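The values are calculated or read from the model by the stated rules, or taken from the named source; none is laboratory data. Fair warning: this is a prediction, and the values are worked out from it, not measured in the lab. So basically every Cβ, Gly included, is an ideal-geometry build from the backbone, and we count neighbours across all protein chains shown. All accessible areas refer to the heavy atoms of the entire protein, side chains included, with ligands and DNA or RNA removed. Shrake-Rupley method; radii C 1.70, N 1.55, O 1.52, S 1.80 Å.
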Amino acid sequence: MKSVLELREAKRRGRKIAMLTCYDSTSAAIVADAGVDLILVGDSVAMTMHGHDNTLAADVDLMALHIAAVDRGLRQSHASSARPLIVGDLPFLAHRLGRDHLMAAAARLMRAGAQILKLEGVDGSEDDIRYLVESGVPVMGHIGLTPQSVHALGGWRVQGRDAQAADALRRQARALQECGVSALVLECVPAPLASEISASLEIPTIGIGAGAGCDGQVLVFQDVLGLQTHFKPKFVRRYLEGAEILRTALRRYVDDVRHEKFPAAEESFDIALSTPEANA
Ligand code: KIV
């Protein structure tokens, strides 16, 4: 995807948008080669890469560090013509600490390489979201299960199940579109409600645990590849049993070292014939 303007165009044409989280340069090059449209450097980085129980530990410094790493990785990708756009998460409270704080955070993350900023919630933030958009910052909304509010929501729960909660989500989705956001993440929302909201909007919705009626889907890199196995949410589809495959490969390495099978002669340097470059 070349620009944020293509998001609405994709929806209009009925072309589903594929987004995946990613947090480091090695993985970013692989994700880009796979053809995803959008890479989300999500604040889930606090959990997947830093071992926290929730996303609250992510701050602007951490997000900027990982966004910059992903940006560098995309420069190494073979798929330069179809380079995915980088969506960077505004971390916990970044848009609730005042306009100056928000704009400084936005500048930092955009300069690190993000092309779109995602923020959670809308109520009470409408003016700030509009200001961001008017300042030339493409914004992605995020409603439903908003992980930064995990304590207020009482845990990782499906949202919008009763009539009042469903109405609130409909209203929030409309409000975000009116604020000028470019797309909207719907997380853990019943599929029929997510479908209805998607059909009612001009901007694309990107679902996670929100059924097939959304205009796109997002999943977490480690979940898709089966790299973290302690917990598998219902909405995750694993395309690889990555943890097991990596464990098996690494056991072979350990075994080869122990049994003196690694390194072999062809993996070692000779005195006379070696070239100066270690990677030659
Ligand atoms: O941070 C993240 O990974 C997210 C996705 C779950 C949408 O916000």
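Averaged over its residues, the stretch 109-172 has an accessible area of 47 Å² per residue, based on protein heavy atoms and a 1.4 Å probe. Placing unit charges on each Cβ (+1 for Lys and Arg, -1 for Asp and Glu) gives the chain a dipole about its Cα centre, and among V189, Q148, L225 the Cα reaching farthest toward its positive end belongs to V189. One way to sum up the overall shape of the stretch 141-189 is the equivalent ellipsoid from its Cα gyration tensor, whose semi-axes run 19, 13, 8 Å, largest first. Here the stretch 6-240 has 52 percent of its accessible surface on carbon and sulfur atoms, given a 1.4 Å probe and all protein chains in place. About its Cα centre, the dipole of the stretch 6-240 is roughly 620 debye, where the only charges are +1 on Lys and Arg Cβ and -1 on Asp and Glu Cβ. Averaging over all projection directions, the Cα-based convex hull of the stretch 6-240 occupies 11.8 nm² in the image plane. Compared with the alpha-carbon gap, the fully stretched path from Q76 to V158 is longer by 25.7 nm at 0.36 nm per residue. With the simple model of a label 7 Å out from the Cα in the direction of the Cβ, I245 to E260 spans 3.4 nm.
Computed extension length for E134-R238: 33.5 nm, one decimal, from 0.36 nm per residue of separation with the Cα-Cα distance subtracted.
Cα convex hull, the stretch 1-128: 114 Å³ per residue, rounded to a whole number. Positive-end ranking of G51, L62, G73 along the dipole of the stretch 41-86, with charges on Cβ about the Cα centre, is headed by G73. Full extension of the chain between L65 and A168 yields a length gain of 33.6 nm, computed as 0.36 nm times the residue separation minus the alpha carbon distance. Considering helices alone, the calculated mean residue ellipticity of the chain at 222 nm is -12000 deg cm²/dmol, with DSSP H runs of length four and up weighted by -39500 (n - 2.57) and normalised per residue.
Taking label positions 7 Å along the Cα-Cβ direction at both S149 and S200, the computed distance is 1.7 nm, reported to one decimal. Helix 242-258 axis versus longest C-alpha principal axis of the chain: approximately 20°, rounded to the nearest ten.
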